[in-house]
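Engineer: Structure incoming, see below.
The values are calculated or read from the model by the stated rules, or taken from the named source; none is laboratory data. Keep in mind it's a predicted model, so treat the numbers as computed, not measured. Cβ coordinates were reconstructed from backbone atoms using ideal geometry, including for glycine residues, and neighbour counts include every protein chain displayed. Quick note on the areas: whole protein, heavy atoms, side chains included, nothing else; ligands and nucleic acids left out. Shrake-Rupley method; radii C 1.70, N 1.55, O 1.52, S 1.80 Å.
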Amino acid sequence: MLKATTILAGALVATVATSAAAEGELNLYSSRHYDTDERLYSDFEEATGITINRIEGKADELIARMSAEGANSPADILLTVDTSRLARAKDAGILQSTDSAVLEASIPGYLQDADNQWFGFSQRARIIFFDKAEVANPPRTYLDLADPAYKGMICIRSSSNTYNQTLLASIVTHHGADIAKDWADGVVANMARAPQGGDTDQLRGIISGECEISVANSYYFARSIRKEVKGLSAERDMIGWIFPSQDAEGAHMNLSGAGIAAHAPNRDNAVKFLEYLASEQAQQYFSAGNDEFPAVPGVGLAPSIAALGHFKPDDVNLSDVAKNIPVAQKIFNEAGWE
């Protein structure tokens with residue numbers, strides 16, 4: 001959904017040709033749709049005196065827009081959710097490499113692009129949830145979700161969902177395409193219903209009794225701890241959770257990240273913004289404001305996230321995972337995963 005700030009878009013495109021760079025400004029294209037991010041932006045503006053001109057929309061729309069704008073694009077930063085979209089932006093040629101000692105020191109190497117075209121700034125664990133009263137032996141790994149013992153029990157999102165695309169790409173990375181194909185076939189056979197809705201809807205499916213097991217990102221559940229979420233918070237205690245694959249690769253982590261636009265007119269300000277997102281202040285706010293895991297090691301967790309417990313995250317290099325996203329989509333299609 002585009003907010004009122006999108007009215008700036010036309011003016012930005014029109015003025016960029018006559019003003020190569022506006023001192024003290026940053027043009028941010030963002031697909032993060034969280035009201036809590038307002039504090040991130042206002043704190044940056046107060047600390048630096050740089051004004052953020054924000055344009056919001058869906059990730060694929062923003063990527064297409066930046067591609068169409070080409071060298072005349074006013075965009076300085078693309079901020080979006082998930083490795084698959086960051087990889088898509090890189091492949092589209094709309095990002096550029098960033099040389100920053102601050103980012104290199106702060107962001108673990110596996111959470112950044114091999115060519116430094118994008119960096120991860122917050123994470124969400126992809127968790128297996130289950131009905132505690134109905135499931136005595138829940139799946140312990142992602143591969144377990146394909147076990148025929150769970151036939152007719154699983155709620156999970158569609159194959160077009162970027163979180164699932166990256167999860168399957170990580171399975172390809174760790175186990176190979178053949179095992180990944182068997183997994184996708186098995187999960188389809190175990191679905192309690194056709195894929196529908198978002199991650200919160202998968203959790204609500206457990207509460208409604210439509211399914212006994214679901215897969216969702218951690219922050220959807222953590223949010224119901226921090227505040228009231230309709231159809232979830234009141235019955236949340238019936239749901240248990242598993243951080244998968246703790247004796248193997250660890251829990252898959254979805255990423256929220258950003259990169260500098262290929263033709264950024266305010267490149268220096270863009271670097272400052274990325275470095276700010278890696279600061280302890282911003283990292284704590286990702287956790288407290290949106291129930292996410294920080295990307296920078298050692299930053300404290302918000303109570304809603306800490307309540308989920310300690311776990312081993314998958315530290316696979318996400319650049320390698322990104323390369324397998326086309327393979328993952330092919331496997332989804334072959335498996336008939338809607």
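Engineer: Give me the 1.4 Å probe accessible area per residue for the chain, excluding ligands and nucleic acids, in Å².
Structural biologist: 40
Engineer: Want the number for Asp60 to Asp320: 0.36 nm per residue separation, take away the alpha-carbon distance, what's left?
Structural biologist: Numbers: separation 260, 0.36 × 260 = 93.60 nm, distance 2.12 nm.
Net length gain for the segment: 91.5 nm.
Engineer: Here's another thing I want to ask about it. Got a sec to turn the phi values of segment 154-160 into Karplus ³J(HN,Hα) couplings, 6.51 cos²θ - 1.76 cosθ + 1.60 with θ = phi - 60°, whole Hz, x for Gly and Pro?
Structural biologist: 9, 10, 8, 6, 6, 6, 7
Engineer: Of the residues Ala169, Ala295, Ala105, which exhibits the maximal mean-square fluctuation in a Gaussian network model of the chain defined by a 10 Å Cα contact cut-off?
Structural biologist: Maximum fluctuation in the GNM of the chain, among the listed residues, is at Ala105.
Engineer: My understanding is that a pair violates if its Cα-Cα distance is over 28 Å; which of Lys227/Lys330; Lys58/Lys323; Lys272/Lys330; Lys90/Lys272 do that in this structure?
Structural biologist: Details: Lys227/Lys330 38 Å; Lys58/Lys323 22 Å; Lys272/Lys330 39 Å; Lys90/Lys272 20 Å.
Among Lys227/Lys330; Lys58/Lys323; Lys272/Lys330; Lys90/Lys272, the Cα-Cα distance tops 28 Å for Lys227/Lys330; Lys272/Lys330.
Engineer: Report the extension gain between Asp99 and Gln246 in nm, rounded to one decimal, defined as 0.36 nm multiplied by the number of residues separating them, less their alpha carbon distance.
Structural biologist: Here the segment from Asp99 to Gln246 would lengthen by 49.5 nm.
Engineer: Of the chymotrypsin sites (Phe, Trp or Tyr not before Pro) in segment 59-154, which ones lie in a loop per DSSP and count no more than 11 other C-beta atoms within 10 Å? Kindly include the intermediate steps, with their values, before the conclusion.
Structural biologist: Numbers: sites: Tyr110, Trp118, Phe119, Phe121, Phe129, Phe130, Tyr142, Tyr150; in loops: Trp118, Tyr142.
Filter output for segment 59-154: empty list.
Engineer: Still on this model: Ranked highest first by the average count of other Cβ atoms within 10 Å around their residues, in what order do 177-183, 214-220 fall?
Structural biologist: Working: 177-183: 17.0, 214-220: 25.4.
Going by the mean number of other Cβ atoms within 10 Å, highest first, we get 214-220, 177-183.
Engineer: Students often get this wrong: which residues of segment 198-221 have the backbone nitrogen under 20 Å from the point 7 angstrom along Cα-to-C-beta of Lys151?
Structural biologist: Answer for segment 198-221: 210-214.
Engineer: So, one more: If contacts are Cα pairs under 8 angstrom and at least 6 residues apart, what is the relative contact order of segment 16-113 in percent? Show your work: numbers first, answer last.
Structural biologist: On the way: 88 pairs, mean separation 32.3, N = 98.
The value is 33 percent.
Engineer: Let me spell out the model: positive unit charges on the Cβ of Lys and Arg, negative unit charges on the Cβ of Asp and Glu, origin at the Cα centre of the chain. What dipole size does that give, in debye rounded to 20?
Structural biologist: 520
Engineer: Roughly how many percent of the accessible protein surface of segment 135-290 is carbon and sulfur, given a 1.4 Å probe and a whole-percent answer?
Structural biologist: Its accessible area is 47 percent carbon and sulfur atoms.
Engineer: Return the whole-Å distance between the Cα centroid of segment 60-100 and the Cα centroid of segment 112-129.
Structural biologist: Value for the Cα centre distance between the two parts: 16 Å.
Engineer: Continuing with the same structure: From the helices alone, meaning DSSP H stretches of at least four residues, give me the mean residue ellipticity at 222 nm for the chain, per-run term -39500 (n - 2.57), in deg cm²/dmol to the nearest 500. Working shown, then result.
Structural biologist: On the way: 14 runs with 136 residues, N = 338.
Mean residue ellipticity, 222 nm, calculated: -11500 deg cm²/dmol.
Engineer: Let me check the size of the chain from its C-alpha atoms; what are the radius of gyration and Dmax in Å?
Structural biologist: 20.2, 66
Engineer: While we're looking at this one, here's another question. In whole angstrom, how far apart do the alpha carbon centroids of segment 168-241 and segment 261-332 sit?
Structural biologist: Cα centres, segment 168-241 to segment 261-332: 21 Å.
Engineer: Within straight cross-link reach of Lys181, meaning Cα distance under 13 Å, which aspartates and glutamates are found once same-chain residues fewer than 8 apart are removed?
Structural biologist: Glu334
Engineer: Go ahead and collect, in residue order, the members of segment 79-115 whose backbone nitrogen is under 13 Å from a label point 7 Å along the Cα-Cβ direction of Arg267.
Structural biologist: Within reach of a label on Arg267: 95-100.
Engineer: Report the full-extension gain for the segment Ser158 to Ala71: residue separation times 0.36 nm, less the Cα-Cα distance, to one decimal in nm.
Structural biologist: Roughly 27.8 nm would be gained on extension.
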